[in-house]
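Okay, structure first, notes after.
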Amino acid sequence: MDDIRSPSRRALLFGHVPATPPPAACRPPWAKSEPEFLAACTRCDACVRACPEQVLLRDADGLPRFEARAGECTFCGDCVAACGSGAFEPARDPPWTLVAGVADICLSAQGVVCASCREVCPASAIRVPPGARGAATVDPETCTGCGACVAPCPVDAIALHHASAMEALA
C-alpha cells in the first residue's frame, strides 16, 4: 500500500501533478500539413476570431493553434470558412489526426472512482472500468480528437496526440 507521505501521492492530494504536455503545434482542424500551413497562413487571426467555441488561440509565433484545455472543437468549420489564405483543406476527412491518450495518473487507475472524461465524450470513445478497477481507455478508431475530455480531467491525465505519435508509443 502507498505511504501517504510518498511524494507522488502528496503531489496528487495537493494538486501538484505535472500536466501531460500537449502535442507540438496543434493546428486548427482541416489545417494543411505543417510546411504548407506555415507557407499559407498570413497570421490574420480570422480563424481565431471565427471560432464560436473559442478553442483556437494565437500562439507566440502568431499562428493559430487548438487549445483543448479551453474546450471542445465541434468541427463547425467556421475557422475554415473565415480563412482567405488557403491554409486549410476543407474536404479532408477526418479533419485531423488528433486522438486522446490517458496517462498513468488517471484517477481510476489509482483506485479512485472517476469517469469525468467518459461523461463528456460526445463520440462515446472512452471506457472506464467500473469500481475504479483500471485506467480509462480511449478507442482511437472512435475518438475524434475534439478535446472535450481534456479540461474536465481533475488530474490532467488526458492529452491529445497525433495518431502517428500514439502508434509509435504502442
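The values are calculated or read from the model by the stated rules, or taken from the named source; none is laboratory data. Computed from a prediction, not measured in an experiment: that's the story for all the values here. Ideal geometry is used to build each Cβ from the backbone, glycine not excepted, and the neighbour counts take in all protein chains shown. Remember, those area values only see protein heavy atoms, side chains included, never the ligands or the DNA or RNA. Shrake-Rupley method; radii C 1.70, N 1.55, O 1.52, S 1.80 Å.
Going through region 147-159 one residue at a time, which ones are of a type in the set (A, V, I, L, M) and either assigned to a loop (DSSP other than H, G, I, E, B) or open to solvent by 10 Å² or more (accessible area, probe 1.4 Å) (or both)?
So in region 147-159, the residues of a type in the set (A, V, I, L, M) come out as 148, 150-151, 155, 157-159.
A148, V150, A151, V155, A157, listed by residue number.
Among the residues of region 45-75, write down those that are in a loop (DSSP other than H, G, I, E, B) and open to solvent by less than 70 Å² (accessible area, probe 1.4 Å). Please lay out each step first, then the result.
As a first pass, look at region 45-75 and keep what is in a loop (DSSP other than H, G, I, E, B): 45, 51-55, 59-63, 67, 71-75.
Result: D45, C51, V55, D59, G62, L63, E67, G71, E72, C73, T74, F75.
Say whether the condition of being among the acidic types (D, E) and under 17 Å from T144 (Cβ atoms) is met by at least one residue in region 96-106. Working first, answer last.
The first filter runs over region 96-106 and keeps only residues among the acidic types (D, E), leaving 104.
If we keep only those that are under 17 Å from T144 (Cβ atoms) as well, we get none.
Looking for residues that are among the acidic types (D, E) and under 17 Å from T144 (Cβ atoms), one finds none in region 96-106, hence no.
Name every residue in region 91-146 that is of a type in the set (S, T, Y) and either open to solvent by 80 Å² or more (accessible area, probe 1.4 Å) or assigned to a helix (DSSP H, G or I) (or both), in order of residue number.
Our first condition is that a residue be of a type in the set (S, T, Y); within region 91-146, this holds for 97, 108, 116, 124, 137, 142, 144.
Within region 91-146, S108, S116 meet the criteria.
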